[in-house]
1. So what are the three principal axis dimensions of segment 51-208 from its Cα atoms, in whole Å, longest to shortest?
2. How large is the helix-only mean residue ellipticity at 222 nm for the chain, computed as the sum of -39500 (n - 2.57) over DSSP H runs with n ≥ 4, divided by its residue count, in deg cm²/dmol to the nearest 500?
3. At q = 0.15, 0.31, 0.33 Å⁻¹, what is the log10 ratio I(q)/I(0) for segment 334-382, with the Debye formula run over Cα points and no solvent?
4. If you take every DSSP beta bridge whose two residues both sit in the chain, what share of them, in percent to the nearest 5, is antiparallel?
5. Computed over the Cα atoms of segment 177-322, what is the convex hull's projected area averaged over all directions, in nm²?
6. What nm distance separates the two modelled labels at residue 387 and residue 183, each placed 7 Å from Cα along Cα→Cβ?
7. Over 31 Å between Cα atoms: which of 30/155; 165/199; 155/352; 53/155; 304/324; 135/266 fall into that group?
8. Once you put a point 7 Å from the Cα of residue 165 and another 7 Å from the Cα of residue 353, both along the Cβ direction, what distance in nm separates them?
Amino acid sequence: MAGETTDSTTLQTEAEVEQEVTPWTVQAGKRGIDYNRLIEQFGSQRIDPALLKRIEQVTKQSPHRFLRREIFFSHRDMQLVLDNYEGGKPFYLYTGRGPSSEAMHLGHLIPFIFTKHLQDVFDVPLVIQMTDDEKFLWKDLALDEAYRLAYENAKDIIACGFDVKKTFIFSDLDFMSSEPQFYRNVLKVRKCVTFNQVKSIFGLTESDSTGKIAFPAVQAVPSFSNTFPQIFGDRADIFCLIPCAIDQDPYFRMTRDVAPRLGYLKPALVHSTFFPGLQGPKGKMSASDPNSSIFLSDTSEQIKTKIQKHAFSGGRDNLEEHRKHGGDTDLDVSYQYLTFFLDDDAKLAQIKEDYESGRMLTGELKQVLIQVLQELVVQHQERRKSVTDEMVRQFMTPRPLNFDAARK
Ligand code: TRP
């Protein structure tokens, strides 16, 4: 393992820390995550200007800011999905969430904001998997608690504005025991994947529980349309597009590997970078440290204090230095957050210029972010409050969705 040393006089520099990205660990190297290296390692494709152009043509609108700013930066088979869509062959979207805590934070919203956008522009069905089983297996969580959190988190997801006529949210605990086709597909996948493969794809070992070893098939099968007979009947030929953070890619490398052997289509993917922690690009956001992130349940006052006190600054040590040299937007978390949430390109470019030239101070930059986030979180909270138990039940009931296999 890199970074290990037996010589206590040797300073263990951060440079020795190897970048490691799995669905359960995200360990950055010295200069943060090297996303180009991830693309190389994982064998995905960069979303290049040509693909952006193509997305713009097909959707007849300017690409979402997450695409314009390379927040969703990598993909697999995205052109294939677009080609088919243009030819009148629709697809469906699949994403998910591991419900491990009551409080969701801003970073958790990213895939859902993007998925909602894709649902709107392509007008396609969406399935959202709540992996309560996964969190039971990996965390110190009782089964009932994981199940309860799946329903709690579903409210925050619904508050993102998904269309109930086109969206099915399911808890694995519910759906695995009610839909025979789910377990059948899980079994087919398990038969194709050896313990050796799971060990090398996920880094699991002999001492991990058999629950963990068997789990990846459960995250794989929502990629196959016949897992959802209520939506797609027995059709296994509907394309699936999965928006997710790049740490989830191992699941879908495995899925794409087995799909042809089962006579199924390989799912396409679109990958995002990670949302930086409040206290620094390399800081980890954790639900147990309230100052490491902004939660969807924070008050406007808490948001203000957290940003003012804890948002890692790329500004200089003192006013004179700052005016002279300007701030570093690559390091500045407040600026980074604005790239995620401030939609206005011109305004963002102006802020970058002002901050980097030293005209704008850290406090002023933070003020812009505070306003943007207060507004976003208040609006989210209002929408969440209006999500009733009845609505949750609707979203989470297996049922037909608006889906037209042959689009006009
Ligand atoms: N494993 C994911 C998590 O822990 C949840 C998940 C399930 C998911 N299916 C997915 C995420 C599909 C993205 C796409 O959060």
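Laboratory data are not the source of any read-out in this text; all were calculated from the coordinates shown. What you are looking at is a predicted structure, and each value in this text was computed from that prediction instead of being measured. FYI the Cβ positions are ideal-geometry reconstructions off the backbone, even for glycines, and counts take in every protein chain you see.
1. So the extents along the principal axes, rounded to whole Å, are 49, 35, 31.
2. -14000 deg cm²/dmol
3. The calculated log intensity ratios at q = 0.15, 0.31, 0.33 Å⁻¹ are -0.39, -1.22, -1.30.
4. 40 percent
5. 13.3 nm²
6. The answer from the label model is 2.9 nm.
7. 30/155; 165/199; 155/352; 53/155
8. 4.5 nm
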